[in-house]
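Contents: one structure, followed by commentary.
The values are calculated or read from the model by the stated rules, or taken from the named source; none is laboratory data. Note that the coordinates shown come from a computational prediction; the quantities given were computed from them, not determined experimentally. Note that each Cβ is placed from the backbone with ideal geometry, even for glycine, and that neighbours are counted across all protein chains shown. Ligands, DNA and RNA are excluded from the accessible area calculation, which covers all protein heavy atoms including side chains. Shrake-Rupley method; radii C 1.70, N 1.55, O 1.52, S 1.80 Å.
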Amino acid sequence: MECAVLSDPRNAAKIVRLHFHDCFVQGCDGSVLLDDTITLQGEKSATPNVDSLKGFEIIDSIKNKVESDCPGVVSCADILAIAARDSTVLVGGPDWEMYLGRKDSKTASYELANSNLPVPSEGILPIITKFLYQGLSVTDMVALSGSHTIGVARCQNYRARIYGDYTVTADQSTASESYLNDLRASCPAAGGDDDTVAPMDNVTPNLFDNSYYQILLRGEGLLNSDQEMYSSFLGVQTKQLVLQYAHDPLAFFHQFAQSMVAMGNITNAVDGGEVRRNCRFVNT
């Protein structure tokens, strides 16, 4: 992970996001890593994942090295969980201890990937519901959303926001207006350039810190789902948490670590699992 992050700091966000998208579908079982086969439809082509999830080759590389030293011992799910933690540390974020021993799923769920994962266009209540369904709290939701302090979003996912209520929530400052103009210049309202990306934290995009929450206080959140936590009249609890983490980075780091442990403990209650030899395919 150190080599991957040194070559491109954005790789840290890719791995953290992979871990999140894995755990919200069947638990943290490596199902997100499975490729489509004749007999198995994977999760990579589900709407929240397609053209969006990256970093699979990084996990492949780690798995190959681990497998050469201790074959059949370390699951892809455990590798992904550890890599997500180390990615966070490597860009300045907190560290945490987690249990190991996860098994890799022999199945995937395209359907659950489409229904369980939050999407940028959703309002605050549906997203809270999805976290509660996983056994995670509203506090976990706000803290885990803080991972958006690193990484980027695609134009397709923030177009409606920058041509919609951005001007309603944002401060009427010269800096804010200039930032919005830059976003619109690279992400046209008429469509096209869907794969153009912008950092969700435009202040310190490669550093894991609490500036993401400070951006929300200014009403400049790039994604609707992020800004709703502070600006929605339904977000009484989430607004207080955003305020707290914006002013207290240690509180954010502490809660983020706790929430990552909680998310990493979501298990697959159906599939007995295995330790895959190749993270992209079940063992034969």
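Brief remarks on what is shown
- Scanning the chain for cysteines with no neighbouring cysteine C-beta under 4.7 angstrom from their C-beta gives 3, 70.
- The stretch between residue 36 and residue 244 holds 70.6 nm of extra length on full extension. This uses 0.36 nm per residue minus the Cα-Cα distance.
- If you look at the Cα atoms of segment 1-157, you get an Rg and a Dmax of 15.3, 46 Å.
- Calculated [222 nm] ellipticity per residue, helices only, for the chain: -14500 deg cm²/dmol; basis is -39500 (n - 2.57) per DSSP H run with n ≥ 4, divided by all residues, nearest 500.
- Estimated distance in nm for a label pair at residue 65 and residue 137, the labels positioned 7 Å out from Cα along Cα-to-Cβ: 3.7 nm
- Gain on full extension, evaluated as 0.36 nm per residue between residue 182 and residue 194 minus their Cα-Cα distance, stands at 2.8 nm.
- Cα pair distances of segment 37-83 binned at 10 Å [whole percent]: 22, 42, 32, 4
- Evaluated with a Cβ-only charge set (Lys, Arg +1; Asp, Glu -1), the chain carries a dipole of roughly 240 debye about its Cα centre, given to the nearest 20.
- Calculated FRET efficiency for the pair residue 50/residue 203, C-beta based, R₀ 35 Å, to 0.05: 0.75
- Under the shape rule built on the C-alpha gyration tensor, where the axes satisfy a ≥ b ≥ c, the chain is prolate, since a/c reaches at least 1.5 and a/b is greater than b/c.
- Rounded percent of accessible protein surface that carbon and sulfur make up, the chain, 1.4 Å probe: 55 percent
- Of all aspartates and glutamates in the structure, those lying under 12 Å Cα to Cα from residue 44, and not within fewer than 8 positions of it along the same chain, are 22, 35, 36, 111.
- Ordering 211, 37, 221 by Cα displacement along the dipole of the chain toward the positive end leaves 37 in first place; charges were set at the Cβ atoms of Lys, Arg (+1) and Asp, Glu (-1).
- Springs between Cα atoms under 10 Å define the GNM used for the chain, and in it the highest mean-square fluctuation of 135, 264, 151 occurs at 135.
- With Cα atoms, 0 to 90° folded angle of helix 10-23 axis to the chain main axis: 70 degrees
- Each residue of segment 97-109 is assigned a 3J(HN,Hα), and the resulting list reads 9, 9, 6, 10, x, 5, 9, 8, 5, 8, 10, 9, 9 Hz, derived from the Karplus form 6.51 cos²θ - 1.76 cosθ + 1.60 (θ = phi - 60°), x at Gly and Pro.
- Only Cα pairs under 8 Å and 6+ residues apart enter the sum, and on that basis the relative contact order of segment 1-155 stands at 33 percent.
- Probe 1.4 Å, accessible area per residue of the chain, Å²: 44 Å²
- Residue among 223, 18, 183 with the largest mean-square fluctuation in a Gaussian network model of the chain, springs linking Cα atoms under 10 Å: 183
- Whichever aspartates and glutamates have a C-alpha closer than 16 Å to that of residue 65, once near sequence neighbours (fewer than 8 apart) are set aside: 2, 57, 78
- FRET efficiency, 1/(1 + (r/R0)^6) with R0 41 Å, evaluated for residue 218 and residue 112 via beta carbons: 0.70
- Amide H to amide H, with H built 1.01 Å from N, residue 273 comes under 5 Å of 106, counting only residues 5 or more places away or on other chains.
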